[in-house]
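Report on one structure; see the data block that follows.
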Amino acid sequence: MAARSSGALGPRPPRISAPDVPTDLDAVSALRSRADLLGVLVDGVGGEVDAAHCRLVESRVDAASGPAAGHVDATGATFVDVAVDQLRAMALVARDGSWRNVELTGGRIATLDGLRVRWDSVVVRGAHIDYLSLPSAELTDVLFVDCSFGSIDLPEARLARVAFEGCRVDEVDTRGMRGDDVDLRGLEALAFTDVRALTGAWLQPRQAELHAPAFAQALGIRIVA
């Protein structure tokens, strides 16, 4: 992570734009591979979903009323100004996708596979994600609020103006992670795999105390009881 200070008062917050979703939307029953959809309401996401390389713009996905989904394949999909509500899925595969002005609210996802994703102005709010995998991802202006994670993988990821509020996670894989204005003060994490990658990030004093043994080990400092 780049060792650039944002100032004494704290990191620059994410610049978030809410999804511009019209009030009147055309209802569609499902997402389809390579579909190009504008101004639609996807009412329910259940079963096995193939939405690879689709384009969804100024739309809403309401998964609250439908059954839980199994495997949702959104590989290479482009989402612009999209609100996703209460998605429940065993796996959401978003590899090589591009999300801009997207808000994912509520729901439970066992695995969110975001290898090489590009997120710009994205909010994840009130979601439970067992495994958030974002290797080699580019996250710019991203905010996580009131989320719980089993683990977050960020190896070789690039982060800019990314913040957590009221979130918790067991372990964060930070190997090779780089970023600016990464605010971890709202992330209760039990462990980071490589604390050296936190250079330039922001923590609260109690977080620094919790991870002090890992910081010492990374610096070659020996602690003897």
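Points to keep in mind about this one:
- Net charge, residue 39 excluded, C-beta distance under 11 Å - Lys, Arg +1, Asp, Glu -1: -4
- Annotation: amide H-H contacts under 5 Å for residue 157 (H modelled 1.01 Å from N, sequence separation of 5 or more, or interchain): 136, 137, 177, 178.
- Accessible carbon and sulfur surface of the chain relative to its total accessible area, %, 1.4 Å: 49 percent
- Looking at the chain, the accessible area is 48 square angstrom per residue; that uses a 1.4 Å probe and ignores ligands, DNA and RNA.
- Once C-alpha pairs closer than 8 Å and six or more residues apart are averaged by separation and normalised to the residue number of the chain, the relative contact order reads 14 percent.
- The phi torsions of region 155-167, fed into the Karplus equation with coefficients 6.51, -1.76 and 1.60 and a -60° offset, translate into couplings of x, 6, 7, 10, 10, 9, 6, 10, 9, 10, 9, x, 10 Hz, rounded to whole numbers, with Gly and Pro shown as x.
- 19 Å cut-off, amide nitrogen to a point 7 angstrom out along residue 196 Cα→Cβ, residues in region 142-172: 154-159, 172
- Where labels lie 7 Å past Cα in the beta-carbon direction, separation of residue 35 and residue 15 in nm: 3.3 nm
- Student exercise, the chain dipole from Lys, Arg, Asp, Glu Cβ charges, in Debye to nearest 20: 780 debye
The values are calculated or read from the model by the stated rules, or taken from the named source; none is laboratory data. Treat the numbers as computed from the prediction; the structure is a model and nothing was measured. Glycine gets a Cβ as well: all are built from the backbone with ideal geometry, and neighbour counts include every protein chain shown. These area figures cover heavy atoms from the full protein model, side chains too; ligands, DNA and RNA do not enter into them. Shrake-Rupley method; radii C 1.70, N 1.55, O 1.52, S 1.80 Å.
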